[in-house]
Amino acid sequence: MSNDEDVAVSKTKSHRKEKLYWKIDPFLPTDNKAGAFAEESSFATLFPKYREKYLREVWSAVTRALEAHGVACTLDLVHGSMSVRTTRKTYDPYIILKARDLIKLLSRGVAVTQAVKIMNDDISCDIIKIGNLVRNKERFVKRRQRIIGPDGSTLKAIELLTQCYVLVQGSTVSVMGPHKSLKEVRRIVLDCMKNIHPIYRIKELMIRRELAKDPKLATESWDRFLPQFRKNHLTTSAKTAKKNEKLEAKNAARTAAGLPAESSTDVAAKKKVYTPFPPAQLPRKVDLQLESGEYFLKKHEKDARDSAKRKQKQAENTEKRRAERAEAFVAPTEDAAPTVEEKRKRKRKDLTLEAARERSEEVEATKKKKKKSKHKAEEEVDS
């Protein structure tokens, strides 16, 4: 009985496993019941001139990869194109679309070792055109570089989170990976070209990856966990309220400093008065010449005037340089030592000042003594 029960449990588990994990079987030649195709399908694509040398070197590897699926390929160096077509040996009707993607990736700069992986059933590709999304050339280059990041760090983060291969080349971004991840990469690239930094989407993907590990959150909405990177556009009333708050804070600081408060009308008065008329047009060079009379001068007169101005300027510069050179030869002013007479006069002056100071001190001392004696006499009379 125990053996039968064990067998029953194992059968149930294996059945559940088959339901949970749906395995896609490869398309084999035996699956094509209709035999060879009635019509030939073909695709062609152009490639840039700088890819010609590389494609000639690796074309044998491309031919071998396509022959395994019964697809023929041609490299036309005269017209600069690659083409693929079905043959009598082709058994998979969808493989021609995979071959078309292969030559597209090769023309966009993807290496052959990476491009041949597109022939697998679980890998798809997407070529995102970004050349016409931004008009300004400098802005386009900056935003395209933002996808790559410093030392390719942003691009590496996108590849790790989405399990995709991403190549930024010229005006396109080539992506290879699972179909669901291709949509994520396309969203990141297009948002980046709309001036939304890829780091915001990378943060969101990292949070989603962590939330997917928790089975309790499988049936719940993840919106409360995801960051909201949206610009808040304030209404007119909200803008006015914010402006009034700033004005109140400024007035509080002014009153604390002992300055008069400002009102909203004062702030409005400081602004320039709006006028619907454009400013006056600046005069042209010809107009200025007409006003000064220079326009009517002859060629030799103009040359004479210019040479006179040039000579005057040269004379001024020469005089300036001569004065600068002469400054080095000017002797500095020296303080002369005092003579015997000056020393005697200074000594006499110092003696007279000292005698005057002593005399004034003696006078003040006598005045104080008189005052004291007077006070004593008054006190004796009172007593």
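The values are calculated or read from the model by the stated rules, or taken from the named source; none is laboratory data. Computed from a predicted model, the values in this text were never measured in an experiment. Here the Cβ is made from the backbone with ideal geometry for all residues, glycine too, and neighbour counts use every protein chain on show.
One residue alone among Glu316, Glu354, Glu294, Glu342 is surrounded by 10 or more Cβ atoms within 10 Å (Cβ to Cβ) and modelled with pLDDT of 90 or more, and that residue is Glu316. So which residues in the stretch 101-160 are loosely packed, with under 12 Cβ neighbours inside 10 Å and aromatic (Phe, Trp, Tyr), if there are any at all? The answer is none; no residue qualifies. Surrounded by fewer than 17 Cβ atoms within 10 Å (Cβ to Cβ), among the aliphatic types (A, V, I, L, M) and closer than 28 Å to Thr113 by Cβ: does that describe Leu182? No, not satisfied. Taking Pro260 as the residue in question, decide whether it is within 30 Å of Lys239 (Cα to Cα), at pLDDT 85 or above and under 52 Å from the mean Cα position of the chain (by Cα). Answer is no for this residue.
Among residues that are surrounded by 17 or more Cβ atoms within 10 Å (Cβ to Cβ) and farther than 22 Å from Ile123 by Cα, Cys164 is not included. The single condition from (1) in contact with a strand residue (DSSP E or B) (Cβ under 9 Å, 6 or more places away or on another chain); (2) more than 28 Å from Ala61 (Cα to Cα) that Leu167 fails is (2). Being over 21 Å from Lys180 (Cα atoms) and modelled with pLDDT under 80 is not true of Asp287.
For the residues Ile196, Ile202, the requirement of being closer than 29 Å to Arg139 by Cα and part of a loop (DSSP other than H, G, I, E, B) singles out Ile196.
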